[in-house]
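Heads up, the thing below is written out as structure tokens.
The values are calculated or read from the model by the stated rules, or taken from the named source; none is laboratory data. Keep in mind it's a predicted model, so treat the numbers as computed, not measured. No Cβ is skipped: glycine too gets one built from the backbone with ideal geometry, and neighbour counts run over all protein chains shown. SASA here: full protein model, heavy atoms, side chains in, ligands and nucleic acids out. Shrake-Rupley method; radii C 1.70, N 1.55, O 1.52, S 1.80 Å.
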Amino acid sequence: QVQLVESGGGLVQAGNSLRLSCAASGRTFSNYALGWFRQAPGKEREFVAAINWSGDSTYYADSVKDRFTISRDNAKNMLYLQMNSLKPEDTAVYHCAAVRTRQLLPQGYNYWGQGTQVTVSS
């Protein structure tokens, strides 16, 4: 079992930045690929970014590329999402997710956090 807890969400103005964190506990953190997803009201959950087990490979949705950066600290069992140049359309609940695999882009994730709300005002 892996437990994931997100933090760092909040209300910000467009153009500003936020850094989300995801604390993991349970199994060996470095065995897991990690991802960030988001879900806006009335919309389906969408992929935001992924990082492999070692942190040397990342992948982003086109909508956040060049604005968001995913990173991890395996020594601290932490996952991060640095979000810059935020836009109102980035408003959503952001979830971190994990799956035990060496793949960067797994077919699915089986551990999810409860989410943290990010609201970007115009």
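Some points to look at:
- Residue in region 77-99 that is at pLDDT below 95 and surrounded by fewer than 16 Cβ atoms within 10 Å (Cβ to Cβ) present: no
- Of the strands (runs of 3 or more DSSP E) lying entirely inside region 36-122, those containing at least 2 residues that are hydrophobic (A, V, I, L, M, F, W, C) and within 15 Å of the chain's Cα centre (by Cα) are 46-51, 68-73, 78-83, 92-100.
- Tally, over region 48-70, of residues that are over 13 Å from Leu104 (Cα atoms) and either of a type in the set (D, E, K, R) or open to solvent by 30 Å² or more (accessible area, probe 1.4 Å) (or both): 6
- Looking across region 9-61, the residues that are in contact with a strand residue (DSSP E or B) (Cβ under 9 Å, 6 or more places away or on another chain), farther than 12 Å from Leu79 by Cβ, modelled with pLDDT of 95 or more and among the charged types (D, E, K, R) come down to Arg38, Lys43, Arg45, Glu46.
- Output for region 16-40, where each listed residue is open to solvent by 30 Å² or more (accessible area, probe 1.4 Å) and touching a Lys or Arg at 6+ places or on another chain (Cβ under 8 Å): Arg27, Asn31, Gln39
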